[in-house]
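In what follows, a single structure is set out as structure tokens and then discussed.
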Amino acid sequence: MVKRIFRPLRRWPVVETLLLRVAGQLTTWPADDFGRFVSAPAGSGLAGAFAAVPPPVEPLRPPPPASIAPANFETRFMRLHVEGRFEEMWEMLAEDAQRAWGGLQNFMREMPRLDEWLEILDMQVASVTVLESWTDNLHQRTYSNVARLVMRYRVRQQWREWTFDRQVHLVPAAGGWRTLCYPTRARTAAGR
């Protein structure tokens with residue numbers, strides 16, 4: 001039926017060309033299929049053939065990595081600590097802290113471990129504050145745009161459970177944060 005309608009129009013090449021161009025605008029191909037087509041015939045007559053070149057398409061790129069929130073960063077750091085995955089923790093240390101440890105091997109050997117009788121039941125971020133400037137008096141260093149977190153831990157030692165808070169400082173780095181986890185002289189059960 002459609003052919004019967006368009007058969008009289010084929011006698012006029014200008015009308016046929018116009019219909020093919022309109023039809024070409026109304027139909028689409030997926031962007032990656034355009035490479036198969038070099039030109040499309042537009043019928044006989046005055047029009048000849050016109051190029052079926054697709055409009056330029058911006059290649060799909062993955063979204064830029066999102067900066068991880070300070071609370072998520074510290075929670076991940078502590079989960080790695082609980083699991084004993086010190087090599088992965090190393091990449092999360094600030095450069096000053098890495099220098100203070102003296103290298104990955106020293107960090108892996110000397111980072112305090114959780115005692116086997118101590119279990120972290122829960123860890124939460126009680127508060128997050130971003131400070132314009134903060135000075136680490138113990139190591140005599142000043143940092144800008146520091147995230148100060150208060151972490152709340154609920155732990156169990158055999159039958160006894162208790163909760164304690166600990167303050168942690170993170171410094172900005174490419175793509176997120178790094179922790180200021182320095183070596184300590186006195187080892188503690190909960191880590192840094």
Inset, instruction - Return the only residue of V171, V155, V150 being among the aliphatic types (A, V, I, L, M), surrounded by 13 or more Cβ atoms within 10 Å (Cβ to Cβ) and out of contact with any Phe, Trp or Tyr (no Cβ under 7 Å at 6 or more places or on another chain). - result: V150
Legend entry - Those residues of the stretch 97-140 which are among the polar types (S, T, N, Q) and on the phi > 0 side of the Ramachandran plot, in sequence order: Q140
Legend entry - Single unsatisfied condition, A49 versus (1) loosely packed, with under 15 Cβ neighbours inside 10 Å; (2) farther than 17 Å from V171 by Cα; (3) modelled with pLDDT of 65 or more: (3)
Legend entry - Selected residue (criterion: farthest from F164 (Cα to Cα)) from residues of the stretch 108-123 that are touching a Phe, Trp or Tyr at 6+ places or on another chain (Cβ under 7 Å) and in contact (Cβ under 8 Å) with a residue 24 or more places away in the chain: M111
Inset, instruction - Working only within the stretch 170-182, note down all residues that are modelled with pLDDT under 90 and either part of a strand (DSSP E or B) or of a type in the set (G, A, S) (or both). - result: A173, A174, G175, G176
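The values are calculated or read from the model by the stated rules, or taken from the named source; none is laboratory data. Keep in mind that what you see is a predicted model, and the values were worked out from it rather than measured. All Cβ positions, even for glycine, are placed from backbone atoms using ideal geometry, and neighbour counts span all protein chains on display.
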